[in-house]
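Enquirer: Below is a structure I'd like to ask you about.
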Amino acid sequence: PTSMSEAATRALAALEKTPWTPPELPLSDRGALRELERRQLACQAGELWFAVLAVDSAVEVLRDLISGAPQGFTVSDARQALGCSRKYVLPLLAHLDARGITRRHGDYRVAGPRMGVSG
């Protein structure tokens with residue numbers, strides 16, 4: 001494996017520093033973000049970029065949330081569980097919906113086929 005560019009290393013550090021409230025990175029970092037995406041270290045969710053580790057840890061938190069709420073969870077529930085605002089949680093949930101990890105049912109989100117929840 002080739003080593004990462006300095007810009008990609010900096011961008012990943014910035015994304016991982018505040019996992020569920022990622023900074024808005026300057027357009028000059030677009031190449032670095034695409035490099036992280038190719039390496040499967042970051043992903044784009046709407047206008048935001050998240051470290052893949054942050055997305056994976058969010059899935060764990062939401063899996064716990066679903067296990068305690070059979071009807072599913074609301075955006076507000078997710079926002080509280082992740083400790084972030086709607087600005088960040090909405091694109092993250094849309095990304096998880098698109099990947100089949102969660103599914104939207106009205107105002108609730110339930111486990112999608114790719115969440116890995118038993119029962």
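The values are calculated or read from the model by the stated rules, or taken from the named source; none is laboratory data. Everything numeric in this text was worked out from a predicted model, so none of it was measured. Don't worry about glycine lacking a Cβ; one is built from the backbone with ideal geometry, like all the others, and counts go over all protein chains shown. Side chains included, ligands, DNA and RNA excluded: accessible areas come from the protein's heavy atoms. Shrake-Rupley method; radii C 1.70, N 1.55, O 1.52, S 1.80 Å.
Enquirer: Give the Cα extents of the range 27-68 along the principal axes, in whole Å, largest first.
Expert: 42, 19, 9
Enquirer: Could you compute how fast the chain diffuses translationally, taking Rh as the Kirkwood radius over C-alpha pairs and applying Stokes-Einstein at 25 °C with viscosity 0.890 mPa s? Give it in µm² per second.
Expert: Answer, rounded: 166 µm²/s.
Enquirer: Follow-up question, since we're still on this one. Sort Asp107, Asp56 by heavy-atom solvent-accessible area, probe 1.4 angstrom, most to least.
Expert: Greatest to least solvent exposure: Asp107, Asp56.
Enquirer: Using a Förster distance of 25 angstrom, determine the FRET efficiency expected from the C-beta separation of Arg10 and Ser85, and round it to 0.05.
Expert: FRET efficiency, Arg10 to Ser85: 0.55.
Enquirer: From the helices alone, meaning DSSP H stretches of at least four residues, give me the mean residue ellipticity at 222 nm for the chain, per-run term -39500 (n - 2.57), in deg cm²/dmol to the nearest 500.
Expert: Theoretical 222 nm ellipticity from helices: -15000 deg cm²/dmol.
Enquirer: Give me the Kirkwood hydrodynamic radius of the range 1-59, using the inverse of the mean 1/r over all pairs of distinct Cα atoms, in Å to one decimal.
Expert: Result for the range 1-59 stands at 11.2 Å.
Enquirer: In what sequence, largest accessible area first, do Lys17, Lys87 appear using a 1.4 Å probe?
Expert: Ranking Lys17, Lys87 by accessible area, largest first, yields Lys17, Lys87.
Enquirer: At 0.36 nm per residue, minus the direct Cα-Cα distance, what do Val110 and Glu24 gain on full extension? Give it in nm, one decimal, please.
Expert: 28.1 nm
Enquirer: Given labels modelled 7 Å from the Cα in the Cβ direction, how far is it in nm from Glu37 to Ala94?
Expert: So the label points at Glu37 and Ala94 sit 1.5 nm apart.
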